[in-house]
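Participant: One structure follows; several queries about it will come next.
Read-outs: derived from the displayed coordinates by stated rules, not from any lab. A quick note: this is a predicted structure, and the numbers were derived from the prediction, not measured. In this analysis, Cβ positions are derived from the backbone assuming ideal geometry, glycine residues included, and neighbour counts consider all displayed protein chains.
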Amino acid sequence: MSYSSYLLRGLKPMDVKKILAEKKALVDREVMKYLPNKEPILHYKMIQDYPSRGGKGLRPGLCILTCEAYGGSDEDALLSAAALEMFHNWVLIHDDIEDYSDERRGKPCLHRIYGIPLAINAGDALHIKMWEVLLGNREKLGEKKTLHVMDAFVKMITETTEGQTLELSWVKNKKWDVSEDDYYTMIKKKTAWYTCITPMRVGGIIADAPEEHLESMADFGVSLGKAFQIQDDVLNLVADEKEYGKETAGDIWEGKRTLMLIHLFDHCTPKEKKRIVEIMNKSRGEKSESEVLEILELMRRYGSIDYAKSEALAHAQKAKNIFDNELKDMPENDAKEAIRALIDYVIERKL
């Protein structure tokens with residue numbers, strides 16, 4: 001893709017990546033203030049683990065940038081951004097258990113190191129810390145705005161867990177007649193609300209963005225979230241495992257319904273579909289590497305991966321259109337420029 005789509009100073013993906021890294025460094029320091037090294041040592045070591053493994057910082061970065069765009073400061077949004085990062089990490093701990101995953105950010109998942117009971121407890125503890133951090137907003141933001149932000153978190157968690165239920169139930173019930181509409185409903189709930197919609201809305205709430213802009217942020221976030229998740233699913237299949245931080249083709253090992261798999265089902269022969277279902281219905285432990293590669297090769301043969309890439313681009317373009325029209329009155333500044341450049345970063349990222 002050409003870089004001509006970027007605004008005034010021509011921000012490129014690496015520039016955006018640097019901006020996110022700078023915001024995340026601020027957030028990480030704040031997160032660790034709430035996760036001290038104290039007794040019981042094992043407990044705090046575990047809840048520090050995922051937050052210390054790095055990550056892109058998209059969610060807290062988007063929150064802070066939106067706050068800045070409407071005249072707020074890093075400091076105004078810092079606690080809320082830290083809470084978003086905590087949310088992301090405790091959800092990942094639980095998600096890795098629910099998906100029987102092996103790796104997270106290039107290391108064994110927490111439950112692979114300490115066992116499922118301790119990992120669940122660590123996720124629960126990080127969840128509680130998230131609310132503790134949000135309560136800390138009262139001094140700077142006041143009671144009313146703090147409750148408004150917390151209400152946004154309640155909505156986010158509700159949507160995310162509903163989406164997770166959809167996906168997990170498809171796997172549990174061996175449901176394969178999943179349509180593209182079903183998939184988009186699931187990722188809107190599971191991904192868009194906590195990756196894009198809520199971070200932007202929280203940043204906007206903190207900086208007193210107009211109510212109509214908060215509503216438009218939801219439309220923008222849905223499209224950006226869809227682009228993000230499809231790109232993530234593509235990377236799951238084609239990215240280098242060391243760079244990606246998770247096992248290659250993990251979604252096939254875990255039996256997940258992705259846009260590529262739905263496209264494959266719609267285009268393969270009945271005999272091939274029967275074989276795919278036979279493989280995908282197996283548990284992780286029952287699948288062989290050759291079977292996973294067999295499905296991956298079919299996706300390539302039928303253009304399923306290329307189709308997903310084109311859909312990610314289409315949703316990114318829709319996000320740009322919403323941003324340039326419904327959010328055109330957002331103040332013109334560097335933060336706004338960075339948010340728009342994030343659209344391209346989401347689909348051009350390699351990890």
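Participant: Nearest 0.05, what FRET efficiency do D124 and H148 give at R0 = 25 Å with Cβ-Cβ as r? Walk me through the intermediate numbers first.
Facilitator: On the way: r = 25 Å, r/R0 = 1.02.
After rounding to 0.05, the efficiency reads 0.45.
Participant: With the contact rule set at Cα under 8 Å and sequence spacing of 6 or more, what percent relative contact order holds for the stretch 3-348?
Facilitator: Contact order relative to length: 22 percent.
Participant: Among all helices in the chain defined by DSSP H, which have a length of 20 Å or more along the axis from Cα atoms plus a Kyte-Doolittle mean of at least 0.0?
Facilitator: The qualifying helices are 74-98, 116-135, 211-238, 334-348.
Participant: Take every Cα pair under 8 Å in the stretch 94-167 that's 6+ residues apart, average their separations, divide by the length, and report that relative contact order as a whole percent.
Facilitator: Result for the stretch 94-167 is 16 percent.
Participant: With +1 assigned to the C-beta of every Lys and Arg and -1 to the C-beta of every Asp and Glu, and no other charges, what is the dipole magnitude of the stretch 56-97 about the Cα centre in debye, to the nearest 20?
Facilitator: 120 debye
Participant: Do any trypsin sites (Lys or Arg not before Pro) in the stretch 31-87 lie in a loop, going by DSSP, with at most 14 other beta-carbon atoms within 10 Å of their beta carbon, and if so which? Write down the numbers at each step before the final one.
Facilitator: On the way: sites: K33, K38, K45, R53, K56; in loops: K38, K56.
Of the trypsin sites (Lys or Arg not before Pro), the ones in loops of the stretch 31-87 whose Cβ has at most 14 other Cβ atoms within 10 Å are K38.
Participant: Shape of the stretch 3-348 from its Cα gyration tensor (a ≥ b ≥ c, root eigenvalues): rounded if a/c is under 1.5, otherwise prolate when a/b > b/c, or oblate?
Facilitator: Verdict is oblate for the stretch 3-348.
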